[in-house]
1. Only one of Gly201, Gly136, Gly156 is on the phi > 0 side of the Ramachandran plot and in contact (Cβ under 8 Å) with a residue 12 or more places away in the chain; which?
2. Would you mind telling me which numbered condition in (1) at pLDDT 95 or above; (2) outside the structural domain of Phe268 (by TED's automatic domain parsing) Gln143 fails?
3. Determine, yes or no, whether Glu231 is modelled with pLDDT of 90 or more, part of a helix (DSSP H, G or I) and among the acidic types (Asp, Glu).
4. Cβ-Cβ distance below 9 Å, separation of 6 or more or different chains: which pairs start in the stretch 73-95 with a residue that is more than 15 Å from Arg58 (Cβ to Cβ) and end on one that is modelled with pLDDT of 90 or more and outside any helix (DSSP H, G or I)?
Amino acid sequence: MRLVQPFVHTAPSVLTSDGSVEQSSSAFEYVANLGLDELTKRLGWPLQQHDPPPFDVRRYQVQDMLSVFDSNGVLPEDYKTDVFAGITDVPLSGQECYVPGDLERTVINLAMNDDAVFRALREAICPGRCALMYVGKLRSRAQSAIKRLDAYVTDGSPNKDQASAEVPECAKTLRSLVSQTSQCLNSRAPLPAEVSTKAAGFLVELLQHICTRNQDVYEDLDWERNTPENEAEADRNLYLHLIGDPPPFSDQSTRKQAHFVIDVLRDFPPPSVRQFTERLEAISEMVMQNGASEDYTQALGELIERLDGAAASSVSGQKRRRVR
């Protein structure tokens, strides 16, 4: 067996004026005595402070990062809420972060209490990656809500609670997801171009699909449905409920969506939406055929005009730069 001699850290040597060698204190002691501020000043190096975010911000960021690994589509605000509710701003030592038999809780504790662990996670799971996953989960939830309605219409059996699968509930879920997309756009600004384009694409795709849903879904059922008394036509038609003849909005978040999807798309940077202009024009034709309020058709037309104008301005600017 070959024995390897351990590496011994020795203190640096200093050459004196008479040529002799003098052992000095360690480099660590030198920096500690001098102070990091003074050392960087002498060397002309910038000193950047990396203070951890406030406790509440850090807690959400950890939820945001770790929810990326959740295979059930759980959003950050719903991720391990019971665990995070028990975390306080009282710091824990490394050993106190350990939870026997529970790697996930241990990682959560470390990320909340160890700045080095938090920064390593933030580097590996950057904000852009988190935002991309968030938008993907919103899209999946929209698809699930529509599939749930379709399954209910087919045989009425997938949901024990009839109200949870009816048109109004599906419409409510979709409005909520559109609102969450808007919040994502604002709270995570500035979004990477890839994320912003994906979010805009999700909204345009959703709007286009809803335009194909202008029909009474309960008209030709193969099963007996308990029809609510005085049921409104819009409560049987997803398109009417969201675009054609929407009911009065009961809460502030949906009240801001007077024009389903369109009001949120207005807030996006034009380059993120511009590539969907042709699809929006096709949607405009469908809305005209299906029928909608004058306000809605006008809002959609103004959005398309704005995108066309932004595109023309961009082309003009490129031509001027080439001339110069």
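1. Gly156
2. The one condition Gln143 does not meet is (2).
3. Answer is no for this residue.
4. Once the first residue is more than 15 Å from Arg58 (Cβ to Cβ) and sits in the stretch 73-95, its partners that are modelled with pLDDT of 90 or more and outside any helix (DSSP H, G or I) give Val74/Lys80; Gly94/Asp114.
The values are calculated or read from the model by the stated rules, or taken from the named source; none is laboratory data. Please read these numbers as outputs of a predicted model, since none were measured by experiment. Cβ atoms come from the backbone with ideal geometry, glycine included; neighbour counts cover every protein chain shown.
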